[in-house]
Amino acid sequence: MRPTTLFVSTLLAGILSSVFAAGTLAQSGYLTLTGKVVSQDKGNHPISLATVTVVGRGIGTVTDAQGDFRLNVPTAQATDSLQVSCVGYQSVKLAISAATNRALVVRLTTAAVTLNEVQVQARRKTAADIILEAVAAIPRNYDTTSVQLTAFYHEDQQFDGKPVRSSEAVMAVYKTPANQPEVKDGLKLIKGRTKAYDQSQHHLPSIVNLSNGARSSLTNDLVKHGTAKVGLFTKRGLSYFDLKLSTLASDRPMYVIDLKPGKRKRKAQGQGKIFIDMETLAFVRIDLQLTQAGLDAENNRQWILKKMASIVHKMNLKLTSYNLVLSYRPYNGKWYLNNVERQFDFWLNSPSRKLIDKRWNVSSSFTVTAIGPKGIPPFTEGNIGEDGNAISSIIKNQTDSTGWATDNTQRTTSTDTASVEQSTWPLSARADSPKVRVSNRQNGFTRADTLRGKLTPLRSQYDVTFYDLAVKVDIPNKAISGSNRMRFRVLAPLDKLQLDLYANMQIHQIRYAGKPLSFTREFNAVFVQFPESLRAGSEQELAIEYSGTPQVPDRSVPMMGGFLWDKDRDGHPWVQVVCQGSGASLWWPNKDHLSDEPDSMRISVTIPSDLVDVSNGRLLRKTALPDNWTRYDWYVSYPINNYNVTLNIGKYAHRRETYGPDSLTLDYYCMPYNSEPFRWVFDGVKLMLATLEKHYGKYPFPRDGFTLMESLHPMEHQSAVSFGKLPTGRADSLSMVDTLRLMQLVWHEVSHEWWGNNISCRDMADLWIHEAFATYSEGFYLDSVIPEEGELGYIASLPEQVSGKEPIIGVRDVNHIHYNIGDMYAKASLVVYTFRHALNNDTLWASILKGIQQRFRYQTLSTKDLVAYINERTGTDYTPFFDQYLNYTSIPTLQVKLAEKGQSLVVSYRWKTDVPNFRMPIQVTKAPDRYEFITPSTDWQTMTLPRMTADDFEVDETRFYVKVEEIEPLADAK
Ligand SMILES: [Zn+2]
């Protein structure tokens, strides 16, 4: 399985133009204030981004590019006052009653800038000291409890000087504590509207779109990232800049720090101004532009997508400018995010489309219009905080223009912005909705988890050799009924055993030797009592008859599987079951523990005759039954883990071809209307299998053949791999990003035939073994598309997907599912890459990968088995390496001290890790732009590098997933 976050972080998102339709709308319960803010001493020049708030309330807005604002104030606050403030000006307060005048103009006077730094110097503080003190004061100045914000988002795109699209939305924000950068903010659309202009007018190719700009705006909250150990607001980060300090004598005196790239300008990615409140040391406003180094870095960061664009779509996109303004405002003794303004330009070139040096300009504005309430729970439904799609596609195209007048929208778009969607999620309705209780490290585990995950004698005393599963699928009632005959070998004498079937499913009878047995049930466990003790070594057989309505997946809960009941594009039923994590016992009775796989299995599925069932292995026969039913008998001739057993029912079209010298059968299934559009996916199968076989050895299940199919959900079902369906359902209009995602997904799922199906973990705690190597295999696909560069670009994209909240290895004996499963994919694959690069012997590495597949063929294994095998093959003890990466959330930190002495650079270095005796070679620049290995340990070592400066020193943080910490300020070589 693959979670929905994939490596392609879609392009940056966008800015502000502004069409301001003035007008005071009298709404009952609200006063609508409109006005203009201008500069008194600059000839009434409009002031943009001035903050207009109701004093002592959370309500506010900012002015647009023309200095105009519109603010709805509840009539209950009609006697309050309004404050208008802007960095660089003296604030003004006025009575709201005075502001109801339509022609309100607020004039601000400029605040004096003090250049002599007298006040600052008296305290002997440098600009860097002040910034670091302001960082240290973040937990004091900004809210460290969660708070709900209401925000207005507006975004405009232009191409070649012509409008492309405008979107705006009112949103609820779940703002997480300022001192917890790792907790992502949530976003919920309250309502939105979007207008697309005629493509024949602007000519922007339709495959070019933005990602969710509201989300991107929120991730720019630098205060939230100020407490991070890397980045701009650290000693190391600041050392790349020349800082100039002055003060601003407004009614709230401020430090003003000019930030310009210093000597080491290759690492200074931005420039701008930082305004810090003198009294509280709060960041008030941050204006930043990317420098050329920053633009280069950004263009590199997205390069794999751009490379794809140039190869597949013959088009080049280059970021040429990026401006950001962030502001914060005080409220009730704390400071809150106020506004995020972003503007950026791309240059687009596509000679085949006759587009040369065309400017694609994006502007966006994210304005907080209300603060509070505090202490709210995270959004569990409707959260678009991690949705990468364009805001316009999230809003969709529905029309309803009601309700906007009472929202604080900062500015309104001209009336021809027609498409509007009605409020989708009531703001507070979900807060207390009953959620499924999920067992995990946070919530703790229960007896039910132990029954499910522990190998007690009632389970370990027998070994399943064969399942004969037969189910009839009642599609209209979303129910199934059937039986499972289980053959098993008795390993130790037993008169009682445990089976598993979810408690919501009914058991009608359990038969042994022709007679019904007595049984009891506790949670999802079934305890079966035999009339006498079964002899060790004997072969036995049980038959369980059962029926029920199996659970359906809840996608907000990690790995909560079930039956998917859907329809295809033509309205025909489409059904699939997925149960990785939840376990096969959610739909059929079995010994549901990963340690025990049957040696073979039969799967019989009875369905309406006009549909097709695709299950695992070979189709033995198709039998027509009375009343328009048909039974499909499938046979799996290899061991199979229970969660891989599946059914896929739909109006499938089928195609077969063969592959290789042994004529492996390749069966392809998809919806008939996608047969042609998906042909290229199936046409890529032979190359994919050849690549995977080259790395991992022969396809493990030749007798059963290989099947690949379109399905409702992607899943690595053994010898019946499914790749899910397209978000649009249309295979003939795939965008570049969709193409990449789909093929990555196919390679991921198919590589599970080796990692997960041929060799399988013995306990859910070790599930990373499946996902790390499947994610690793996605790199082969990218390398096949972009030779020699694709994989590296792919590796570089992985770290941003790591959450690092819990160790990769789970808790044993409880069928533990991580509360954020993503690290088993991104982080664990980075561990594999790091190991490979540290080993620095690709021949040995290739032999180890094939060797694992051979040694554990058709078996289950644990992390310990895997590491022991690697140690044996390499003759080196890598236990501390895997221990650090898999059992701890922190990754190895390379601490370095850099000192320039004459023409040389003296570098001291060591590993900082949780695990003692951690050693790992890593590449650093020993000469400018040339990586070589050093072998740090947890003790300090020192080396002298001739003709090197501190600016030349780099650690290969792409091939090696590590942190670098420069722990002492640079000694300048003056
Ligand atoms: Zn997977």
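Given R₀ = 60 Å, FRET efficiency for Thr944-Thr450 by Cβ-Cβ distance, to 0.05?
0.55
For helix 826-839, what angle does its Cα long axis make with the longest principal axis of the chain, in degrees from 0 to 90 and rounded to 10?
Taking the Cα atoms of the chain, the angle to 826-839 is about 80 degrees.
At 0.36 nm per residue, minus the direct Cα-Cα distance, what do Asp956 and His572 gain on full extension? Give it in nm, one decimal, please.
Length gained between Asp956 and His572: 133.0 nm.
Contact order normalised by length for the chain, with contacts defined as Cα pairs under 8 Å and 6 or more residues apart; what percent is it?
9 percent
Please give the solvent-accessible surface of Arg252 in Å², to the nearest 10, using a probe radius of 1.4 Å with every protein chain present.
Arg252 exposes around 80 Å² with every protein chain in place.
Between 0 and 90 degrees, rounded to the nearest ten: what's the tilt of helix 292-301 against the longest Cα principal axis of the chain?
20 degrees
Under the 0.36 nm per residue contour assumption, what length would be gained going from the current alpha-carbon distance of Asn840 and Val438 to full extension?
So the extension gain works out to 140.6 nm.
Which trypsin sites (Lys or Arg not before Pro) does region 311-378 hold that lie in a coil by DSSP with at most 16 other beta carbons within 10 Å?
Passing sites in region 311-378 are Lys314, Lys354.
Quickly work out the Glu541-to-Asn179 label distance, labels modelled 7 Å from Cα along the C-beta direction, and quote it in nm with one decimal.
My value for the distance between the label points is 6.6 nm.
How much accessible area per residue does the chain have, in Å², with a 1.4 Å probe?
Ligands and nucleic acids excluded, the figure is 39 Å² per residue.
Between Phe933 and Glu386, what length comes free when the chain is fully extended (0.36 nm per residue of separation minus the Cα-Cα distance, one decimal in nm)?
That works out to 193.1 nm of additional length.
Only Lys, Arg, Asp and Glu count, each charged at its Cβ (+1, +1, -1, -1), so figure out the dipole size of the chain about its Cα centre, rounded to 20 debye.
Roughly 1220 debye for the chain.
Restricting to DSSP loop positions (anything but H, G, I, E, B) with no more than 14 other Cβ atoms inside 10 Å of their own Cβ, which trypsin sites (Lys or Arg not before Pro) remain in region 890-947?
Filter output for region 890-947: Arg947.
Could you give the nm distance between label points at Lys235 and Asp914, where each point is 7 Å from its Cα heading toward the beta carbon?
Placing both labels 7 Å beyond Cα along the Cβ direction yields 2.6 nm.
Output the direction-averaged projected area (hull surface divided by four) of the convex hull of the alpha-carbon atoms of the chain, in nm².
Hull-based average projected area comes out at 43.6 nm².
Just to check I understand the Karplus step: with θ = phi - 60° and J = 6.51 cos²θ - 1.76 cosθ + 1.60, what whole-Hz values come out for region 498-511, glycine and proline as x?
Values, residue by residue: 10, 10, 9, 7, 3, 4, 6, 9, 8, 9, 8, 6, 10, 10 Hz.
To the nearest 10 degrees, how steep is helix 736-751 against the longest Cα principal axis of the chain, on a 0 to 90 scale?
Computed tilt is about 30 degrees.
Provide the FRET efficiency to the nearest 0.05 for the Gln292-Lys686 pair, computing r from the beta carbons and using R0 = 41 Å.
0.35
Based on the Cβ-Cβ distance of Gln199 and Glu800, what FRET efficiency does E = 1/(1 + (r/R0)^6) give at R0 = 22 Å, to the nearest 0.05?
With R0 = 22 Å, the Cβ-Cβ based efficiency is 0.10.
Measure off 7 Å from each Cα along the Cα-to-Cβ vector at Lys622 and Asp242, then give the distance between these two points in nanometres to one decimal.
Once both label points are built, they end up 7.7 nm from each other.
Report the accessible area of Cys670, computed with a 1.4 Å probe over the heavy atoms of all protein chains in place, in Å² rounded to the nearest 10.
10 Å²
How large a share of the accessible area of the chain, in percent, is made up of carbon and sulfur atoms when the probe is 1.4 Å and the other protein chains stay in place?
For the chain, the apolar C and S fraction of the accessible surface comes to 50 percent.
The values are calculated or read from the model by the stated rules, or taken from the named source; none is laboratory data. Just so you know, these numbers come straight off a predicted model, no measurement behind them. Cβ: placed from backbone, ideal geometry, glycine included. Neighbour counts: every protein chain shown. Ligands, DNA and RNA are excluded from the accessible area calculation, which covers all protein heavy atoms including side chains. Shrake-Rupley method; radii C 1.70, N 1.55, O 1.52, S 1.80 Å.
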